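As structure tokens, the structure follows; a few thoughts come after it.
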Amino acid sequence: MKTVLTLLLGGLMIVARADAQAPASPNAALRYWMAFALMKDPPSDQATMTMFDRVAAGTSPWEEAKLGKFVDDNRESLEMMRRATKLTSCDWGLEYELGSKTPIAHLAKARVLGRLNGAEAARLAARGQLAAAVDVWLAGIRFSQHVAKDGTLISLLSARLSLSPALKSLARVVSQSSIDAGHRRDIERTLNMIPPAGLDWPDAMKREAEVLATAKRLDPKVNAPMPSQARVNETSAEVAAEILALRASLASAAPRGR
Amino acid sequence: MDDFENRLREFTPRRPAAIPDERLQFLRGPIWVAVAAGMAAVMLIATWIRGPRPDTRAAVAPPASITLGPMTTFALENPDQFDAVLTRMSHSLLPDVRDALSGPRPPKESQ
């Protein structure tokens, strides 16, 4: 009996020690908040936002005189954000137990930082630094995955605002320029790591239903309906098409790159 | 001398005669008004095409708080304004820590 007890205690001590020594996986969300704290928001007027979005989507040429300063002002935030996208763990610590009152302030900051990241990629591409531009767009794709992590529909809709321009820009650059084989592989690897529709829409809808149930439990007067599944399907199909277009560009560019 | 002055007084101002070439008559009169109006119209159209389009969307009040319920409702009902609202909300969420540490704070928005 004494031997069994000793062995049990010894085993427990080893487990406890191993647990205490296990390095905690760094949380990307904390790094992102650090980047948000250092971020200098560009002007939010419609004209500037439109210019940023057109440039990020590749529908307008890069405007150094008008946008360069905002990218330069945020170099530190952008570098911090890009380093964080390489982490595997991202926990925003959302308080879903609050139901519809769950704070989601990170989405607003993430949208602005994502837009700046897209602008920086467009600037690099305009300067002919295509390999660096690809790296920045890929960081944008990884960032969108983290923004959407464990989120409801609103998180995915926000993440999509950064994801789609990156997918479209990559498709355009891959089809028009000779991207080296290493970077083509990086793009493929990143695409293989994300869901076929870019983001996990069914998971978000499931969480949406749970949050709605919590909201109704907290306040029986809440009568918000579930978001339309048809519209969600439509949006996810759009993103899936963007991914397919990028894959098609990669496939057609592959023989040229060899 | 008087003769000379008398001779000069014989000269009286007179309208010049019409330009003999009838084709050049088209260059006179209201045609210039039409040309100017045409040029102004072309310039206006060019400005409208190149410049940013006025935002014709009806302004919708943004959500009062950046929480799940109001933001989701807003995003679903106003998908075309969701992005702009997120961006504007970002301005008011966190002060720039560097500004806070360096004395009087300049306007956060770098216009």
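Could you work out the local net charge near A:Cys90, counting Lys and Arg as +1, Asp and Glu as -1, over the other residues with Cβ closer than 10 Å to its Cβ? Could the numbers behind the result be given before it?
Working: positive: A:Arg31, A:Arg142, A:Lys149; negative: A:Asp91, A:Asp150.
Spelling it out: positives minus negatives among the neighbours equals +1.
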- Could you line up A:Glu63, A:Glu120, A:Glu95 from fewest to most neighbouring Cβ atoms inside 10 Å? A:Glu95, A:Glu63, A:Glu120
- 0 to 90° range, to nearest 10: angle between helix A:46-57 axis and chain A longest Cα axis: 90 degrees
- Tilt of helix A:28-38 relative to the longest C-alpha principal axis of chain A, in degrees (0 to 90, nearest 10)? 50 degrees
- Considering amide H positions built from the backbone, and no H for Pro or chain starts, which residues 5 or more places from A:Ser89, or on another chain, come under 5 Å of its amide H? A:Ala28
- Query: What list of ³J(HN,Hα) couplings, whole Hz, do you get for the stretch B:90-95 from phi and the Karplus terms 6.51, -1.76, 1.60, once you set θ to phi - 60° and write x for glycine and proline?
  - Reply: 4, 4, 9, 8, 9, x
- Message: Quick check: the angle from helix A:229-257's long axis to the longest principal axis of chain A, C-alpha only, nearest 10 degrees?
- Response: 60 degrees
- Query: Dividing the convex hull volume of the alpha carbon atoms of the stretch A:25-257 by its residue count, what do you get in Å³ per residue?
  - Reply: 124 Å³
- Partner chain coverage, peptide A:150-157 - average Cβ within 10 angstrom: 4
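Going by how many other beta carbons lie within 10 Å of each one, how would you line up B:Phe74, B:Phe11, fewest first? Please list the in-between numbers first.
Values: B:Phe74 19, B:Phe11 7.
In order of increasing Cβ crowding within 10 Å: B:Phe11, B:Phe74.
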- Item | Peptide-level mean, for A:93-106, of C-beta atoms on other protein chains within 10 Å | 4
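Under 8 Å for C-alpha pairs, at least 6 residues apart: give me the relative contact order for the stretch A:25-257, rounded to a whole percent. Could you put the intermediate results ahead of the total?
Values: 284 pairs, mean separation 50.9, N = 233.
Answer for the stretch A:25-257 is 22 percent.
Taking neighbour Cβ counts within 10 Å as the exposure measure, how do A:His146, A:His106, B:His91 sort from fewest upward?
Final ranking by Cβ density, sparse to dense: B:His91, A:His106, A:His146.
Averaged over its residues, how many other protein chain Cβ atoms are within 10 Å of peptide B:79-87's Cβ atoms? Show your work: numbers first, answer last.
Values: counts 3, 0, 0, 5, 7, 6, 3, 13, 16.
Rounded to a whole number, the mean comes out at 6.
Throughout, read-outs are computed from the coordinates displayed, never taken from laboratory work. Because the structure is predicted, anything quoted here is derived from the model rather than measured. FYI the Cβ positions are ideal-geometry reconstructions off the backbone, even for glycines, and counts take in every protein chain you see.
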